[in-house]
1. Relative contact order for the chain using alpha-carbon pairs under 8 Å, separation at least 6, rounded to a whole percent?
2. Based on a Kirkwood Rh over C-alpha pairs, give the Stokes-Einstein translational diffusion coefficient of the chain at 20 °C and viscosity 1.002 mPa s in µm²/s.
3. Neighbour counts of other C-beta atoms within 10 Å: give me 35, 29 arranged from fewest to most.
4. Where does each of 92, 57 land when they are ranked from fewest to most other beta-carbon atoms within 10 angstrom?
5. Starting from the 7 Å offset along Cα-to-Cβ, what nm value, one decimal, do you get for the label separation of residue 79 and residue 110?
6. Which of 69, 60, 97 moves most in a GNM of the chain, Cα contacts under 10 Å?
7. Ranked by Cβ crowding within 10 angstrom, fewest neighbours first, how are 46, 100 ordered?
């Protein structure tokens, strides 16, 4: 194996490992947030939160958990970073900004909101 091929493989692998670390960290953050909100929801006075606000925040935390878990699943299956719409690679800068995204910008715009 030549040094150039070895270096190239490390360059490709390195961003994926960093993205995996980011996703795992986000998963923990969303999970901790959902746990915290669940506890607040059971407290008298809801920990100072309005019950409706707690529901919205908990739903957002659940969505974050689901999005992150799906990205980690795609990563383990080898399809991470490939757009689910057009099947082209998602640009690395987009993945760095939003590591859980399953679509490139063009395909994301076509998704229902």
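Rule-based calculations on the coordinates, nothing more; no lab input. The structure presented is a predicted model; accordingly, all values stated were derived computationally and were not measured. Cβ placement follows ideal geometry from the backbone for every residue including glycine, while neighbour counts extend to all protein chains displayed.
1. Averaging sequence separation for qualifying contacts and normalising by length gives 24 percent for the chain.
2. D, rounded to a whole number, is 133 µm²/s.
3. Ordered by Cβ neighbours within 10 Å, fewest first: 35, 29.
4. Ordered by Cβ neighbours within 10 Å, fewest first: 92, 57.
5. Spacing of the two 7 Å Cα→Cβ label points: 1.7 nm.
6. Of 69, 60, 97, the most mobile in the Gaussian network model is 97.
7. 46, 100
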